[in-house]
Structures are given as structure tokens and as C-alpha cells.
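Comments concern the structure below.
Throughout, read-outs are computed from the coordinates displayed, never taken from laboratory work. None of the values given here were measured: they were computed from a predicted structure. Cβ sites come from the backbone with ideal geometry, for glycine too, and all protein chains shown count toward neighbours.
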């Protein structure tokens, strides 16, 4: 990845993080921690990798993304807004009565959302079905899904994993967001699903482990997955919950809490500083 593209993606990801904070602050509720941890991979997919068209969100040959960890919807909404699917001002209506942007992605009402999700474990299952459909009908689109490490404690995740490998769905890539925290504490304390790399490998997947905030690693892993011919790929992303907002980083309390006015100002100031530093590089 050249430096110019990397810089553009970093700047966009920073704006996406600002959009996340705008949304959850305006809603006075939501899930900022796990949204901030996936801002980079979503930015790469929607601004560089995926075959999509915001002006024609339902085009038949588009690549699909299913946000299996649907409570991280503020991240998906922010990316879709900055990519041009709808106005960024809508982010301030998150979870408000009458807004299309509710607590979990809604395929029926939000342009760019490929699957309604929220009940953990169901998203990766839906993505598996999409990938199987593409194989059956000879379509060339790829399917991406983002799964939480806490979410991987759900049995349905492993039913989907077993099925995808059995059907050799090499057109399916699952990004596993390993930020180490879930609503009630660390994943090890709650119901330890680790080591996820070994488990997906045991289920017959190609497995790649990366830093989920490094665009070069994200790109290389995604392209490598595309070259696999006989199995799906799990990209295990080591991430920081609450990434780039100092008081949210690695703090389980920000799994499902919204910043107050003072915290909002602090978070936005930190992100604006990061943006300026990237611009100056």
C-alpha cells in the first residue's frame, strides 16, 4: 500500500471515529467501544476494497458486508455516511424516534445495509448463506462479515463456521474483532473463546492474524484471502476497544455507554488532534 493511500485511509478512519462519537453522544446511548475498534477495517473495505456504488446500493454484483456484531452499528453508519450513502447529519439522529438509524442495522430502511443484524451469531450465518448463494448461481461477488470476540461465544457462530468450511466458501471472509472485552468484562473472564485462530483453523478455515489498526496488514490479509481457492478465511484482528479516544481505550465501561457533553468535547478534541497530526505527515 502506497503512503498516499494509507494517509487517505487514516484520515477517513479518523472522520469515521468522529462520526461514531457524534452519533452515540446525540443518542445518549449506544456502543462506542466496539464501534471504534472496527473503524479501520470498515474504512478499508468501503473506501478501497469492496465493489459498491452508493448511488446504486442494491446493484446485483456488489460485494456484501454483514455486521454480525450488530450493536457496533454506529461504526457502519458512520462509514456509510462518509462514503455517500446518506448525509452525515443523519448520524446525529442515531436511535431517535423516526430516524432510519436505530440501534442495530436495518436492511429495509438504510441504504447500503446488506443484512439486518443484532442477535449475536446470526450475522455470520447470514453471510454464509449469501456466499453459498453466490456459488450456486455463479455470481462473482465476495461476502465479508465482522464478528466480535465475545460474539464468538455463541454456538451459532461455530455452526456457520463448520458449514462454510464444508461448502468450501472461499468467497467468504470473516473479520474477527479481538478487542478482548465484552459487556460483562474480559472475554477470558466471561466465557473464554480463545484461541480463536486455532479454533477457526480446526473448523477448516484459512486463518490470518493481523493488527486490526494497520491498513497495510488489513489490505494484505484481505487480498491473500481472495487467492484462497478451497476454504473461507478468518482474519483475526487484534484491536483496541475504544481506539483513539484515550479514556475509552481498553475500558469495558465503554462497551455500551454514551459520553456526556464534557466527555464528548474531550473525545472530539483528541480525534481532531489525531486528524491534524495525520494531515501533517
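Treating the angle as unsigned and between 0 and 90°, give the value, to the nearest 10°, between the Cα long axis of helix 122-137 and the longest Cα principal axis of the chain. It is inclined by approximately 50 degrees.
Mean projected area of the Cα convex hull of the chain, taken over all directions, amounts to 13.5 nm².
Could you sort 116-122, 50-56, 86-92 so that the peptide with the highest average Cβ count within 10 Å comes first and the rest follow in order? Present the calculation step by step, with values, prior to reporting the outcome.
Values: 116-122: 20.0, 50-56: 13.9, 86-92: 15.7.
Per-residue Cβ counts within 10 Å, averaged per peptide and sorted highest first, yield 116-122, 86-92, 50-56.
Each of 163, 247 was scored by other Cβ atoms within 10 Å of its Cβ. Arranged with the fewest first, they read 247, 163. Remark: the Cα gyration tensor places the stretch 236-281 in the oblate category, a/c being 1.5 or greater and a/b not exceeding b/c.
Sorted largest first, the spans of the alpha carbon positions of the stretch 201-281 along the three principal axes are 51, 33, 13 Å. The residue 51 and residue 3 beta-carbon pair, evaluated with R₀ = 22 Å, returns a calculated FRET efficiency of approximately 0.35. From most to least packed by mean Cβ count within 10 Å, the peptides 264-271, 124-131, 165-172, 143-150 give 143-150, 124-131, 165-172, 264-271. Among 230, 106, 139, the ranking by other beta carbons within 10 Å of each residue's beta carbon, starting with the fewest, stands as 230, 139, 106.
Considering all C-alpha pairs of the stretch 139-191, those separated by over 14 Å amount to 59%. Remark: C-alpha extents of the stretch 1-130 on the principal axes read 42, 34, 27 Å, sorted largest to smallest.
Which shape class, rounded, prolate or oblate, goes with the stretch 140-238 when its Cα gyration tensor gives a ≥ b ≥ c as root eigenvalues, a/c under 1.5 marks rounded, and past that a/b bigger than b/c marks prolate?
Note, shape of the stretch 140-238 comes out oblate.
Helices in the chain, meaning DSSP H runs of at least 4 residues, each add -39500 (n - 2.57). Divided by all residues, the mean residue ellipticity at 222 nm is -13000 deg cm²/dmol. Model label points for residue 262 and residue 191, set 7 angstrom from Cα along the Cα-to-Cβ axis, are 3.8 nm apart. Our compactness index for the stretch 53-121, the C-alpha radius of gyration over the empirical 2.2 N^0.38 Å, is 1.04. When you restrict to C-alpha pairs under 8 Å that are six or more residues apart and normalise by the size of the chain, the relative contact order lands at 24 percent. The order of 173, 239, 97, 43, going from fewest to most other C-beta atoms within 10 Å of their C-beta, is 97, 239, 43, 173.
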